[in-house]
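Since the structure comes first, as structure tokens, the remarks are kept for the end.
The values are calculated or read from the model by the stated rules, or taken from the named source; none is laboratory data. From a predicted model like this one, the values you see are computed outputs, not experimental measurements. Ideal geometry is used to build each Cβ from the backbone, glycine not excepted, and the neighbour counts take in all protein chains shown. To get the accessible areas, we keep the full protein, side chains included, count just its heavy atoms, and leave off ligands, DNA and RNA. Shrake-Rupley method; radii C 1.70, N 1.55, O 1.52, S 1.80 Å.
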Amino acid sequence: MASPPTTQATDRHPTAIGFGGAVSSVDPNATNVGLAVLRRGGNAVDAAVATAAALGVTEPYSAGIGGGGYFVYYNAKKHKVFTIDGRETAPAAMPTDAFIDPATGKQYNFTPELVTSGVSVGVPGTLATWNSALKQWGSLSLGKALGPAADLADRGFVVDSTFRLQTLENKVRFEAIVPTAKLFLPGGDAPQVGSVFKNPELAATYRMLGEQGLAPFYNGQLGAEIAAVVKNPPKSATTKLPVMPGYMTTSDLAKYRAIDRTPTKVRYDGLDVYGMPPSSSGGTTVGEALNILQPQHLRKQSTVQALHTYLEASALAFADRAAYVGDPAYVDVPQKELLSRGFGAERSCLIDPRHAATKPVPAGSPDGKYSRCAKGSATEQRPDTEGRSTTHLVTADKWGNVVSYTLTIEQTGGSAITVPGRGFLLNNELTDFSAVYDEADPNRIQPGKRPRSSMSPTIVLRGGRPFMAIGSPGGSTIITTVLQTLTNRLDRGMTLPQAIAAPRASQRNTASVTAEQSFIDKYGSALAPYGHKFTPAGAPGSSAAEIGAVAALEFLPGGAILAAAEPTRRGGGAAGTVKQLWPRSH
């Protein structure tokens, strides 16, 4: 009798309710890996690392050990929130004019040229983040945490339409790099929907790191291979892309450290909202926006009025993000004042309940001296180049520990540079720096610096206990996605699944609001009299036509956990609980 197939399509349930722990991510294979860790007695941190490693297999264009991210953790014993900054860093030799073509004196074309280059690759922080989290709070070794993902990479997963679409959208870039074309374009085409995609090279890399730890990556042979491929990308002989060399050295890898940081915290409607501090702008911008919204009492407003208020609050917070937030090792970020109630109230006063302000609005003055409706000062608004890819996961365990973790390689497909024989793509994270060097810009290019991020892994406490955990991919739309989903749930009477499924719009202090077509269809005409103008997100049928891909969970009365993911965006996410009440498995 033939043995049953070891790889099959996995059911996706965007919502699950149960006990004993939960996992939510964009992918059912990864969610199942995390749940299996919890069922074997692992904790939320163990499950988060295992899930993230699995996403490196099934979501290789969004995350993996060639990238970085931000890890937010609630420790149930200490009743305290901790964070790890695993953001990539610029090489020590990175010049301030790295994005300028010396032949022309003008900026490199952003895509596909600059993003498909060694210049764009930052020193990866994901592996250091996993190791730090496990050592501080986990119960598994790195090897045991990586084991399920290694098995998944060997066994393979069933290709869905999203994976094929993302591959095809990057075909020109992937064809430019020999090992990338070999791995992701077998036979010159993207893997077919329904076929099984295997990555034995990544499986071997995971097993080696599980046995030897961080040393090969940051101080050994693998690190030397990473530096070499950045400095001399293995370019195809037929590509027309320049694929410029980068600046990374083995010394840059050896010096890399994941940093423990104190989380941001704001109070909103009796809840404590914790987020990621700089180098991410997520915690400060989501937090400031909530402080701006607090005096507006969204729950008392009509749907259209609440959406107008949300859009205006977001624009104000984004103005301050651009003016003040960068890597705190290089920039004096006024974090305390940005998150102060006084500053939030001062900015909130500027919202006209009937009219949208002319964009861009000027930044405020977070100086501790606040007066009613201070106008703020004009600051230059720079183009947003942050990639829309990335992935997010949440986990919780039976002891009450919770993780909200966002990780990325930036662009869908990162730099498109695969480390030969190792099975993973390198990031293009350095393109998150502002393209033109300006001494007044907190996000200007500097050697060793972490580019500003919008990743917003968030944990919400009620009465000192976990209530929600949430996050999303989406570049700078991450901030608005998290903010809108929070206000949907907390102020607009939606359940968490409804809050996630609702149409999205992202106002990032620009003349036109980027919005999903479904949002424009539903609310565009009602918001037009306020002066809001809308631009559809991405092209119809492309992976960029959607905003965000939320993974979240909520603790229900009685101790049950509701895990929730996207019902349709990115093909739908996957949520599950350890002892599942609903939906029942068959």
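Only one residue in PHE343, PHE318 is closer than 21 Å to ASP272 by Cβ and touching a residue at least 40 places away in the same chain (Cβ under 8 Å). Which one?
PHE343
Of everything in segment 166-181 that's open to solvent by 60 Å² or more (accessible area, probe 1.4 Å) and touching a residue at least 40 places away in the same chain (Cβ under 8 Å), which residue is farthest from TYR61 (Cα to Cα)?
It comes out as VAL178.
What pairs come up if the first residue lies in segment 92-107 and is open to solvent by less than 70 Å² (accessible area, probe 1.4 Å), the second is in a loop (DSSP other than H, G, I, E, B) and of a type in the set (Phe, Trp, Tyr), and their beta carbons are under 7 Å apart, counting only those six or more places apart or on different chains?
Pairs found: ALA93/TYR247; MET94/TYR247; THR96/TYR437; PHE99/TYR108; ASP101/TYR108.
Among the residues of segment 493-523, which ones are in a loop (DSSP other than H, G, I, E, B) and surrounded by fewer than 21 Cβ atoms within 10 Å (Cβ to Cβ)? Write out each step before concluding.
Here is the first cut: in segment 493-523, the ones in a loop (DSSP other than H, G, I, E, B) are 493-495, 502-504, 507-512, 516.
Within segment 493-523, GLY493, MET494, THR495, ALA502, PRO503, THR510, ALA511, SER512 meet the criteria.
State yes or no: is ASP272 closer than 30 Å to LEU293 by Cβ and charged (D, E, K, R)?
Taking the combined requirement at face value, the residue satisfies it.
GLY69 - would you say it is crowded, with 24+ Cβ neighbours inside 10 Å and either in contact with a Gly (Cβ under 8 Å, 6 or more places away or on another chain) or touching a residue at least 12 places away in the same chain (Cβ under 8 Å) (or both)?
So GLY69 passes the test.
The conditions are (1) outside any strand (DSSP E or B); (2) farther than 29 Å from GLY64 by Cα, and VAL436 fails exactly one of them. Which is it?
(2)
Could you check segment 555-569 and list, in sequence order, the residues that are in contact (Cβ under 8 Å) with a residue 24 or more places away in the chain, in a loop (DSSP other than H, G, I, E, B) and either within 14 Å of VAL403 (Cα to Cα) or open to solvent by 50 Å² or more (accessible area, probe 1.4 Å) (or both)?
Residues satisfying the conditions are PRO567, THR568.
Taking the options THR303, THR285, name whichever one is open to solvent by less than 10 Å² (accessible area, probe 1.4 Å) and among the polar types (S, T, N, Q).
On inspection, the qualifying residue turns out to be THR285.
Counting only residues that are in a helix (DSSP H, G or I) and either within 18 Å of the chain's Cα centre (by Cα) or aliphatic (A, V, I, L, M) (or both), how many does segment 40-62 have? Give the steps one after another, and end with the answer.
Of all residues in segment 40-62, those in a helix (DSSP H, G or I) come to 44-58.
Narrowing further to those that are either within 18 Å of the chain's Cα centre (by Cα) or aliphatic (A, V, I, L, M) (or both): 44-45, 47-58.
The number of residues fulfilling the criteria is 14.
Residue under question is PRO529, and the condition is that it be surrounded by 15 or more Cβ atoms within 10 Å (Cβ to Cβ) and at pLDDT 95 or above; does it hold? So that I can check it myself, show each step before the final result.
On the way: surrounded by 15 or more Cβ atoms within 10 Å (Cβ to Cβ): no; at pLDDT 95 or above: yes.
In short, no.
Can we say THR480 is among the β-branched types (Val, Ile, Thr) and surrounded by fewer than 24 Cβ atoms within 10 Å (Cβ to Cβ)?
no
Given (1) over 30 Å from LEU461 (Cα atoms); (2) within 21 Å of the chain's Cα centre (by Cα); (3) open to solvent by 10 Å² or more (accessible area, probe 1.4 Å), where does VAL26 come up short, assuming only one miss?
(1)
Just to be sure, is SER132 open to solvent by 10 Å² or more (accessible area, probe 1.4 Å), over 24 Å from GLY223 (Cα atoms) and touching a residue at least 60 places away in the same chain (Cβ under 8 Å)?
So SER132 fails the test.
Starting from segment 351-373, take each residue that is within 23 Å of LEU298 (Cα to Cα) and among the polar types (S, T, N, Q) and list its partners that are assigned to a loop (DSSP other than H, G, I, E, B) and open to solvent by 70 Å² or more (accessible area, probe 1.4 Å), counting only C-beta distances under 9 angstrom and pairs at least six apart or across chains.
THR358/ALA511
If you check THR111, THR51, which single one turns out to be polar (S, T, N, Q) and surrounded by fewer than 24 Cβ atoms within 10 Å (Cβ to Cβ)?
On inspection, the qualifying residue turns out to be THR111.
Being within 26 Å of LYS449 (Cβ to Cβ), open to solvent by 30 Å² or more (accessible area, probe 1.4 Å) and part of a helix (DSSP H, G or I) is the filter here, so list the residues in segment 331-350 that pass it.
GLN335, LYS336, GLU337
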